[in-house]
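Worksheet for the structure shown next.
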Amino acid sequence: MGYKRLAFGSAADALKLIFREEPPTDEEIEQMDLFNISEIKKPKGGGLEIKFFDRLKPLERLSEMTANEGENSALPFYEALNNGAKALLGRGADE
């Protein structure tokens, strides 16, 4: 889920970018987890400026989502699991 990645994602690959002596190759960039980065700038004076997404907004949204879940929040999952098992056994979902 995107909210979880924004709220709890690692900034390690962004730090690797900042402290590199040489620019990374395209292949290295593709392997990096840069999901939390909102903007990258290379100022005229050198260096690298990285801005991250705000972690509080996804945390607030996740909090709202879990607060709205009731006691039966797992019921749709179990119904889908049951229907999948019945489909594998060749029975209809309504049986």
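The values are calculated or read from the model by the stated rules, or taken from the named source; none is laboratory data. Here the structure is a predicted model, which is why all the values come from computation and not from measurement. For neighbour counting, all protein chains shown are included, and Cβ atoms are generated from backbone atoms with ideal geometry for every residue, glycine included. We work out accessible area using only protein heavy atoms, side chains counted, and drop any ligands, DNA or RNA first. Shrake-Rupley method; radii C 1.70, N 1.55, O 1.52, S 1.80 Å.
Taking the criterion of being part of a helix (DSSP H, G or I), open to solvent by less than 100 Å² (accessible area, probe 1.4 Å) and modelled with pLDDT under 70, the only residue of the stretch 52-95 that qualifies is Leu75. I'd like the residue in the stretch 1-35 that is of a type in the set (Asp, Glu) and over 15 Å from the mean Cα position of the chain (by Cα) and, out of all such residues, is most open to solvent (accessible area, probe 1.4 Å). Result: Glu21. Out of the residues in the stretch 36-51 meeting the condition of being surrounded by 14 or more Cβ atoms within 10 Å (Cβ to Cβ) and under 14 Å from the mean Cα position of the chain (by Cα), tell me which one is nearest to Leu6 (Cα to Cα). The selected residue is Asn36. When Glu28 is tested against (1) assigned to a helix (DSSP H, G or I); (2) farther than 20 Å from Leu6 by Cβ; (3) modelled with pLDDT under 90, just one condition goes unmet, and that condition is (3).
Among residues of the stretch 4-17 that are in a helix (DSSP H, G or I), those with a Cβ under 6 angstrom from a residue that is open to solvent by less than 100 Å² (accessible area, probe 1.4 Å) and of a type in the set (D, E, K, R), sequence gap 6+ or separate chain, pair up as Ala7/Arg55; Asp13/Asp33. Cβ-Cβ contacts under 6 Å between residues 6 or more apart (or on different chains), taken from a first residue in the stretch 31-46 that is closer than 24 Å to Pro58 by Cα to a second residue that is part of a loop (DSSP other than H, G, I, E, B) and charged (D, E, K, R), are absent.
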